[in-house]
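Reading through the structure tokens given below for one structure.
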Amino acid sequence: MIFGDALRSLSAGARRTCSALTGGNTSTQVQTQTCSFTPSRLAHTYGRQQTGLYGGAHIQFGNSVAESKVKTRRRFLPNVHPHTLYSKTLQRPIRIRIATRVMRTIKKYGGLDEYLTAESKGIQKTLGLRGEELRAEILFTRQMQQMIEAEDQALRETTQTEVDGQAETSKTAATTTDADAAAPSTAA
């Protein structure tokens, strides 16, 4: 049941992105396959990691041991801080909670977009819902940019062909006009 709740709690932007990626089909099965929101990704011990980039970090439990050897149960929370990172693909800043170890990995990959779209299975497993949402949005935006670039290239080629055709026509017309002017007139 957690899985259904997670899909329902997705932002409207993520649902639109998934819908666009799946060609308008918004069924849970297609969303799961395309946007890879799978039940195994949902954390049972630390649900908050679905809201940011935690890199698999979650609460750990242990003891605080006093000098007198008295053990007191405690929690070890992940080292997470809010950061604003700029997405080059989306061309906007993104405010998100990030674990410090993920911050190092993002720097290693060369930016947020590269980290989120990395082919590494380890990274993809630890993205969480918010990370998957951003990944889908970035991939969709890149796909749209590629389509637009392809259309622009085709338009440029068509325009260039038309311009070359017009240039050929004007050269032919100029050549015939010059030939007519150079030919002596025999009407007399």
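No value in this document is a laboratory result; all are computed from the given coordinates. Note that this is a predicted model, so its numbers are computed, not measured. So basically every Cβ, Gly included, is an ideal-geometry build from the backbone, and we count neighbours across all protein chains shown.
Determine, for each peptide in 71-79, 135-143, 89-97, 102-110, the mean count of other beta carbons within 10 angstrom over its residues, then list the peptides with the highest first.
Numbers: 71-79: 11.6, 135-143: 18.7, 89-97: 13.8, 102-110: 15.3.
Those peptides, ordered most packed to least, come out 135-143, 102-110, 89-97, 71-79.
If you only keep lysine pairs separated by 8 or more in sequence, or across chains, how many in segment 83-176 come under 22 Å at the Cα atoms? It would help to have the intermediate numbers written out before the result.
Values: LYS88/LYS107; LYS88/LYS108; LYS107/LYS121; LYS107/LYS125; LYS108/LYS121; LYS108/LYS125.
Count of close lysine pairs: 6.
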Gyration tensor (alpha-carbon) shape descriptor, segment 56-126, a/c threshold 1.5: prolate
